[in-house]
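The values are calculated or read from the model by the stated rules, or taken from the named source; none is laboratory data. Source: prediction; values computed, not measured. Neighbour counts are summed over all protein chains in view; Cβ atoms, including those assigned to glycine, are modelled from backbone coordinates with ideal geometry. Note: accessible area is taken over every heavy atom of the protein model, side chains too, but ligands, DNA and RNA are not part of it. Shrake-Rupley method; radii C 1.70, N 1.55, O 1.52, S 1.80 Å.
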Amino acid sequence: ARSRPPQTKKSRETPPLSTTTTHNTSTMALRMIGDKVMGLMAAQYQKALGSQLATYGLRYEDLLNEDEKEVKEALELADPEVVTGRTRRLKRAIDLNFKRKSLQDYSPNMELDMWKKEIYVDIEKIRARDQEYAQLNAHNKQ
C-alpha cells in the first residue's frame, strides 16, 4: 500500500498577484514613462520648430495644406482678415526665403505668436462632423 504524504495546513500567505494585474501595472508604468519621454521630445521639437517659424514670421497654422478638404473648408468659413493675414505671412515668408533674410533683420522688435490658433478649432469641428456623418451613414455601405 502506498502512503500519502501528510497534509499540511495552508499558510495564510497572500496569494501571488495574477498575471493580468502584474501586466496592467507594468503597462501603466511603461505608458507613464513613454508619456514623459514624448512630452520632453515634443517640447524640444516645438522649441526648434518655433525658432524656424519665427525666422520667417509664420504661424504653425500657416503650414497646414490648403488642399486638404477640412483646411479648405475652414479657410472658406474663416473671417477675411484671417485669410488675408495668412496669405500675407506666406508671401512674406517666401520673399524672405528667396532673399535669404530673416524677419528679425527687418523688424527686430516684432512680437510673434507662432502657436495662435485661428482656424484649427474649425478644422477639428469639421473633422468631427465628417466622422459623425460617416458613422451615421455606415449602414448604407452594406
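Summary of computed values
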| item | result |
| --- | --- |
| FRET E, pair ILE94, ALA48, Förster distance 22 Å, beta-carbon r, rounded to 0.05 | 0.55 |
| Highest-first arrangement of 35-41, 52-58, where packing means the average Cβ count within 10 Å | 52-58, 35-41 |
| Dipole magnitude (debye, nearest 20) for the range 25-86, charges at Cβ of Lys, Arg, Asp, Glu | 580 debye |
| Carbon plus sulfur fraction of accessible area for the range 69-142, probe 1.4 Å, in percent | 52 percent |
| ³J(HN,Hα) computed for each position of the range 105-122 - Karplus, 6.51 cos²θ - 1.76 cosθ + 1.60, integer Hz, glycine/proline x | 5, 9, 9, x, 9, 6, 8, 10, 10, 5, 9, 5, 10, 10, 10, 5, 4, 5 |
| Accessible-area ranking of GLU73, GLU111, GLU132, largest first, probe 1.4 Å | GLU111, GLU132, GLU73 |
| Computed E for VAL37/GLU66 - FRET, C-beta separation, R0 22 angstrom, nearest 0.05 | 0.05 |
